[in-house]
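The values are calculated or read from the model by the stated rules, or taken from the named source; none is laboratory data. None of the values given here were measured: they were computed from a predicted structure. Neighbour counts run over all protein chains shown; Cβ positions are idealised from the backbone, glycine included. Areas reflect the complete protein model, heavy atoms only, side chains present, ligands, DNA and RNA absent. Shrake-Rupley method; radii C 1.70, N 1.55, O 1.52, S 1.80 Å.
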Amino acid sequence: MPEEPGAQSLLDQVAEAERQLIEAAGRGRPDADAEAYFDAVIAADQKIEPRDAMPEAYRKTLIRQIAQHAHSEIIGMQPEGNWITRAPSLARKAILLAKVQDEAGHGLYLYAAAETLGADREDLYAQLLSGRQKYSSIFNYPTVTWADVGAIGWLVDGAAIVNQVPLCRCSYGPYARAMIRVCKEESFHQRQGFQSLYVLARGTEKQRAMAQDAIDRWWYPSLAMFGPPDADSKHTAQSMEWKIKRYSNDELRQKFVDMTVQQAEVLGLTLPDENLQWNEERGHYDYTQPDYDELMQVIKGDGPCNRQRMANRREAVESGTWVSEAAAAYAAKQDTRQEAMA
Ligand code: FAQ
């Protein structure tokens, strides 16, 4: 029981408060019981927080996934960034600028979440540049027309939301909390993509054809974003046991197909799959699987734009070094001034 502070001197009260804090920090989290504590938190659908003991493999899996996710957001700025100077109107340009800026923000929340696991941000950047850590396959495809920006918003952000909404319930607190804001913003991104394609689909014949061509090219790479089929997914079973992932790759892919077919009907555009058909028995649409050999090739670095994306990233780091050096020098100067004034 905590003691009443009444009769103690102030310093005694501080010492007692410190003792109680140490006792509380130890309570329920003794080293010997760390594994049982982790299992109990996962079983109770509670959150593991940075202060909690966790299996090393859980920590490593989270760093791998969160880092890959963060890199995807940062590299993902490139395909759409390609159209900022060529957006067809001031309004479209402002929307696209805001969207690309949001992706940078998502990258920052995610790098911060990885840091809570003990990862070093500079090290994560270095691993991206050396190719040891990956980013989503989808950002290795080119954006050749303006309609590709709409298709990315509708299909790529649409797939990202289907994948990421369950991550809001991920067992690791900082990742789950970051995902809540990310998902709200992705939802806006998806709608702007849909709206942009909706306008093109009701424009001239050329505009409609451009929108259809973009969907034809982005459909299968978007399906591949969900990862290899469950039978070949090496991490899914363990990640689901740890409640990092809540659904398998194939379950999420199916959810995305079911949702998107109906939206394509509203757009009045066609998804490029002759086998798309409602299956009454399964209660889902049947569809043609993406080419998983192509996915593996793209992941390995052999997609249409892998080299270009990495070269741009390297160039951005090199040409931006003077900015971060100047910012660090300015911050150090401010600290020195404040210390002198204190
Ligand atoms: N691309 O055993 P699994 C966005 C790798 S953000 C590249 O199934 P897991 C927003 C996988 O890492 C898009 N690699 O793995 C936006 C593993 O490799 P490793 C990014 C892939 O982790 C929109 C190996 O294959 N989203 O779009 C891919 O259980 C517009 C075996 O696979 C996330 O990162 C792939 N498509 O499941 C931004 C979401 N698929 O490390 C800008 C979080 C698989 O063993 C513009 N991540 N791999 O060498 C996840 O949900 C999961 O990590 C999966 C993969 C579902 C991606």
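Laid out as a table, the results:
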item: Qualifying residue in the range 42-63 (condition: closer than 23 Å to Arg314 by Cβ and in contact with a helix residue (DSSP H, G or I) (Cβ under 9 Å, 6 or more places away or on another chain)); result: yes
item: Residue in the range 240-260 that is open to solvent by less than 20 Å² (accessible area, probe 1.4 Å), more than 30 Å from Pro55 (Cα to Cα), β-branched (Val, Ile, Thr) and in contact with a His (Cβ under 9 Å, 6 or more places away or on another chain) present; result: yes
item: Residue pairs meeting the criteria (Cβ under 9 Å; at least 6 apart or on separate chains; first among the basic types (Lys, Arg), in the range 209-236; second open to solvent by less than 60 Å² (accessible area, probe 1.4 Å)); result: Arg217/Tyr141; Arg217/Pro142; Arg217/Asp148; Arg217/Ala151; Arg217/Pro272; Lys234/Pro228
item: Of the criteria (1) closer than 30 Å to Arg217 by Cβ; (2) over 23 Å from the mean Cα position of the chain (by Cα); (3) open to solvent by less than 100 Å² (accessible area, probe 1.4 Å), which one Asp293 fails; result: (3)
item: Every pair of residues 6+ apart whose Cβ atoms lie under 9 Å, when the first sits in the range 290-309 and is more than 10 Å from the ligand (Cβ to nearest atom) while the second is of a type in the set (Val, Ile, Thr); result: Pro304/Val298; Asn306/Val298; Arg309/Ile75
item: Qualifying helices (runs of 4 or more DSSP H) (wholly inside the range 101-194; at least 3 residues being open to solvent by 10 Å² or more (accessible area, probe 1.4 Å)); result: 121-130, 157-164
item: Test: Ser222 is in a helix (DSSP H, G or I), within 14 Å of the ligand (Cβ to nearest atom), modelled with pLDDT of 95 or more and under 20 Å from Glu274 (Cβ atoms); result: yes
item: Criterion violated by Arg282 - all others in (1) in contact (Cβ under 8 Å) with a residue 60 or more places away in the chain; (2) exposed (fewer than 14 other Cβ atoms within 10 Å of the Cβ); (3) assigned by the TED database to the domain that holds Asp250 satisfied; result: (1)
item: Entirely in the range 34-81, the helices (runs of 4 or more DSSP H) that have 3 or more residues that are touching a residue at least 24 places away in the same chain (Cβ under 8 Å) and crowded, with 19+ Cβ neighbours inside 10 Å; result: 56-75, 77-81
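Yes or no, residue by residue, for (1) under 26 Å from the mean Cα position of the chain (by Cα); (2) under 26 Å from Trp146 (Cβ atoms):
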residue	(1), (2)
Lys206	no, yes
Asp216	yes, yes
Asp232	yes, no
Met240	yes, no
Arg253	yes, no
Thr270	no, yes
